[in-house]
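The values are calculated or read from the model by the stated rules, or taken from the named source; none is laboratory data. The structure displayed is predicted, hence computed values, not measured ones. Cβ atoms come from the backbone with ideal geometry, glycine included; neighbour counts cover every protein chain shown.
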Amino acid sequence: MDIKLDPSRDDLPLMANTSHILVKHYVLDLDVDFEHHVIEGTIVLFFEPGDKLKKQSSSSEVTCPSESNEVHEFRMLESCHTPVTNTGTFSSKVGYNDITICGKRERDTSVEDDNHDNREQASGIPSSKCCFDTGNHGSENFLLVLDCCDLSVLKVEEVDVAAVPGIEKFTRSPQLMVVSEELRNQIVHELAALPADRWREQLDYYAHCSQAPGCGELLFATDTWSLQIRKAGARTATDFPRAIRIWYRTTPEGRSVTWTSDQSGRPCVYTMGSPINNRALFPCQEPPVAMSTWQATVRAAASFVVLMSGENSAKPTQLREGTVHVFFAYLCIA
C-alpha cells in the first residue's frame with residue numbers, strides 16, 4: 001500500500017521486514033553521472049533469516065506488512081535491451097556513512113533531464129520490468145521488503161555464489177558436484193559466520209561473490225516507500241536466496257543525494273543521510289535492528305575527488321586512459 005507522507009513532518013515508514021530476514025553485508029559498485037545527476041549501478045545484498053531475532057523479541061509470529069491484508073501477484077514482463085549513453089554502476093550504504101564527490105576543475109554543471117522513470121534504459125544491462133496487481137490471489141511465496149524511495153529499479157537477480165573459485169571451503173564437500181539453492185545458502189551462512197580475526201578474508205570473498213554470475217531473475221515491484229521481491233517457490237525466509245543483486249539508478253530528485261557546487265563553483269555531490277535517510281540512494285533495511293557491514297566501489301571521472309567514510313583507507317586505482325578512479329571502503333553500519 002502506498003503511503004503519502006511529508007518527510008519534513010511525518011515519521012518515515014520502516015517497511016523492511018527485518019523480523020523475517022536480515023541483511024548481513026552490502027557490496028556496492030557505483031558510477032556517478034554528473035551530466036544527468038544520477039548514480040547508477042548494482043548493490044549485492046547478503047542475507048540471514050531473522051528467526052533468532054523473532055524468537056528473542058516475541059513468541060508471537062509476525063507477518064510481512066505488505067502481505068498481512070493484501071497479497072500482490074508479481075509477473076515478469078518482456079526483457080528490454082535499450083542501452084543508454086552513460087553506463088556504469090553506483091550505490092551507497094545504510095546508516096549515516098557519507099560519500100562526497102567534488103570536481104577538481106571547472107566544468108559544465110548544467111542539468112540535463114533524463115527519463116529516470118523509463119526502466120528500459122538500463123545502461124546496456126538486459127533488464128526486466130516487473131509489476132504487480134493488488135488483490136488477493138493466494139500467493140504463498142515469501143516477500144522480501146526493502147526500504148526504498150525515488151529509485152528506478154532495473155533488474156533483480158539471484159547471485160550464484162557457488163561459481164566463485166575456492167568457495168567450496170565454505171561447504172561440507174571438497175568439490176561442488178551439484179549446486180542447489182540449499183548449497184548457495186550454506187555458503188553465504190558460513191561466510192557471514194567467519195570470526196572477526198578473519199575479516200580480511202571475509203571481505204575478499206564478499207567481493208568475489210558480488211561479481212559472480214546471476215542464476216535467475218527475481219520478481220519485483222516498487223511503491224513509494226519500498227522495493228518488494230519474490231522468488232517463485234520460495235515460501236519462507238529460509239528458502240529465499242541469501243545473495244541477490246539489484247541493478248538500479250537514483251533520480252535527480254532523490255532526497256538522499258544532494259547535487260550542488262562547491263565554493264569555487266565546481267560540481268559536487270554528497271549523500272546527506274536525511275531527510276529520508278539513505279533509501280533514495282540504495283535499497284536497504286532501515287530499522288535500527290538491521291546491523292550490517294558494507295564495502296563499496298565508486299567510479300568517477302579523474303577530474304573528481306571521491307571521499308568516503310570507512311575504517312580502512314580508500315584505495316584509488318587508475319583505470320584505462322586515466323579517466324576514472326576507483327575507491328574502496330569498509331565499515332560497520334548501525
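Under the condition of being touching a His at 6+ places or on another chain (Cβ under 9 Å) and more than 17 Å from ARG279 (Cα to Cα), which residue from segment 26-46 is modelled with the lowest pLDDT?
Applying the first criterion (touching a His at 6+ places or on another chain (Cβ under 9 Å)) to segment 26-46 yields 36, 38, 44-46.
Now drop any that are not more than 17 Å from ARG279 (Cα to Cα), which leaves 36, 46.
Numbers: HIS36: 95, PHE46: 98.
If we take residues in segment 26-46 being touching a His at 6+ places or on another chain (Cβ under 9 Å) and more than 17 Å from ARG279 (Cα to Cα), then HIS36 is modelled with the lowest pLDDT.
So, restricting to strands (runs of 3 or more DSSP E) that lie completely within segment 269-334, which ones have at least 3 residues that are within 30 Å of ILE229 (Cα to Cα) and at pLDDT 80 or above? So that I can check it myself, show each step before the final result.
On the way: elements: 292-301, 304-308, 324-333.
In segment 269-334, 292-301 are the strands (runs of 3 or more DSSP E) which contain 3 or more residues that are within 30 Å of ILE229 (Cα to Cα) and at pLDDT 80 or above.
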*Subset of segment 195-209 [crowded, with 16+ Cβ neighbours inside 10 Å and either of a type in the set (A, V, I, L, M) or in contact with a His (Cβ under 9 Å, 6 or more places away or on another chain) (or both)]*: GLN202, LEU203, TYR206, ALA207
_Exactly one of these conditions fails for ALA221: (1) modelled with pLDDT of 95 or more; (2) over 21 Å from MET15 (Cβ atoms); (3) not β-branched (Val, Ile, Thr). Give me its number._
(2)
_Some residue of segment 284-301 being in contact (Cβ under 8 Å) with a residue 40 or more places away in the chain, in contact with a Gly (Cβ under 8 Å, 6 or more places away or on another chain) and surrounded by fewer than 23 Cβ atoms within 10 Å (Cβ to Cβ)_ = yes
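Run down ALA234, ALA193 and say which single residue is under 21 Å from SER19 (Cβ atoms), free of Cβ contacts under 8 Å to residues at least 24 places away in the same chain and not hydroxyl-bearing (Ser, Thr, Tyr). Working first, answer last.
Details: ALA234 fails: free of Cβ contacts under 8 Å to residues at least 24 places away in the same chain.
When all the criteria are applied, what remains is ALA193.
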*asked:* Six or more apart or on different chains, Cβ atoms under 6 Å: show the pairs whose first residue is in segment 11-39 and of a type in the set (S, T, N, Q) and whose second is in a strand (DSSP E or B).
replied: ASN17/VAL145
*asked:* Out of GLN202, GLN263, I need the residue that is within 17 Å of VAL164 (Cα to Cα) and more than 15 Å from the chain's Cα centre (by Cα). Which one?
replied: GLN202
*For segment 237-251, name all the residues that are crowded, with 17+ Cβ neighbours inside 10 Å and assigned to a loop (DSSP other than H, G, I, E, B).*
ALA237, PHE240, PRO241, ARG242, THR251
*TYR205 is checked against (1) touching a helix residue (DSSP H, G or I) at 6+ places or on another chain (Cβ under 8 Å); (2) under 30 Å from PRO13 (Cα atoms); (3) of a type in the set (Ser, Thr, Tyr) and fails just one. What number does that condition carry?*
(2)
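Hey, can you tell me all the residues within segment 193-236 that are in a helix (DSSP H, G or I) and under 30 Å from ILE276 (Cβ atoms)? Please lay out each step first, then the result.
At the first step, the residues of segment 193-236 found to be in a helix (DSSP H, G or I) are 196-210.
Answer for segment 193-236, where residues must be in a helix (DSSP H, G or I) and under 30 Å from ILE276 (Cβ atoms): LEU203, TYR206, ALA207, CYS209, SER210.
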_Looking at VAL153 and the list (1) surrounded by fewer than 23 Cβ atoms within 10 Å (Cβ to Cβ); (2) among the hydrophobic types (A, V, I, L, M, F, W, C); (3) more than 28 Å from ASP33 (Cβ to Cβ), which single condition is not satisfied?_
(3)
